[in-house]
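Worksheet: one structure, shown below.
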Amino acid sequence: MIKLELLKIKLQGRLRYNIFVGLAALSVMGISIYDVIFLENDPSWRIFSIILIIAALILLSFNIYFISTSSKDLKDLKKDKYEKVNAKFISFQSKNLSKKGYNKVTYSGQLFRIIGTETMIQLDVDDVELKEDYVIAYGKRSKIGVMIQKYKQK
């Protein structure tokens, strides 16, 4: 299905982005460790290098988490073990208007209510409108999803 390929592309894009940022954090951390160990610097530079090492380590740990969630969701998607729900888009944190030649509204911090229950789930889904019902496929760890179709209640 084309929509599931779109979900796969989104997950692969997130995976590539986090690998790149993780490698950048590793590079900064490696250079800073080299500076602290092998170079004779003044104490203020050593303190700055140690702060850089700590910040890069924190960034790297977050990226390892995001890499693992994206890769597990990709593996589940290849085995057809993705999540699929009927949900109503009920709220969002912010609304943005894209100005790339066309006016497309995007939402961040999207909150959906699963139809038939009172369960709420926060997902990142494109091409949805507020107060509408959708069939959504998503990765259960990364919370990245795609709208399969509008949900029609029977």
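The values are calculated or read from the model by the stated rules, or taken from the named source; none is laboratory data. Predicted model, so just to flag it, every value in this text is computed and none were measured. Cβ placement follows ideal geometry from the backbone for every residue including glycine, while neighbour counts extend to all protein chains displayed.
Annotations
- The number of residues in the range 36-45 that are surrounded by fewer than 14 Cβ atoms within 10 Å (Cβ to Cβ) and among the aliphatic types (A, V, I, L, M) comes to 2.
- Per the conditions (1) at negative phi; (2) free of Cβ contacts under 8 Å to residues at least 40 places away in the same chain, the sole criterion not satisfied by Lys143 is (1).
- Members of the range 65-93 found to be among the small types (Gly, Ala, Ser) and farther than 24 Å from Leu15 by Cα, listed by number: Ala87, Ser91
- Residue count for the range 112-154, restricted to those that are of a type in the set (Ser, Thr, Tyr) and more than 18 Å from the chain's Cα centre (by Cα): 4
- Whichever residue in the range 128-154 is under 17 Å from Lys81 (Cα atoms) and not hydrophobic (A, V, I, L, M, F, W, C) and, among such residues, is surrounded by the most Cβ atoms within 10 Å (Cβ to Cβ): Gly145
- Count of the range 79-106 residues which are within 22 Å of Lys152 (Cβ to Cβ) and either touching a helix residue (DSSP H, G or I) at 6+ places or on another chain (Cβ under 6 Å) or not polar (S, T, N, Q) (or both): 8
- For Thr69, the conditions (1) touching a residue at least 40 places away in the same chain (Cβ under 8 Å); (2) assigned by TED's automatic domain parsing to the domain that holds Tyr138; (3) of a type outside the set (Lys, Arg) are fulfilled apart from (2).
Here's the yes/no breakdown for (1) surrounded by 15 or more Cβ atoms within 10 Å (Cβ to Cβ); (2) free of Cβ contacts under 8 Å to residues at least 24 places away in the same chain; (3) part of a helix (DSSP H, G or I); (4) not polar (S, T, N, Q):
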| position | (1), (2), (3), (4) |
| --- | --- |
| Glu5 | no, yes, yes, yes |
| Lys8 | yes, no, yes, yes |
| Arg14 | yes, no, yes, yes |
| Ala24 | no, yes, yes, yes |
| Tyr34 | no, yes, yes, yes |
| Ile47 | no, yes, yes, yes |
| Asn63 | yes, no, yes, no |
| Phe89 | yes, no, no, yes |
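- For the range 115-133, the criterion of a residue being in contact with a Phe, Trp or Tyr (Cβ under 6 Å, 6 or more places away or on another chain), more than 24 Å from Ile9 (Cβ to Cβ) and part of a loop (DSSP other than H, G, I, E, B) is satisfied by at least one position.
- Test: residue in the range 19-42 that is outside the structural domain of Gly139 (by TED's automatic domain parsing) and closer than 15 Å to Gly139 by Cβ: no
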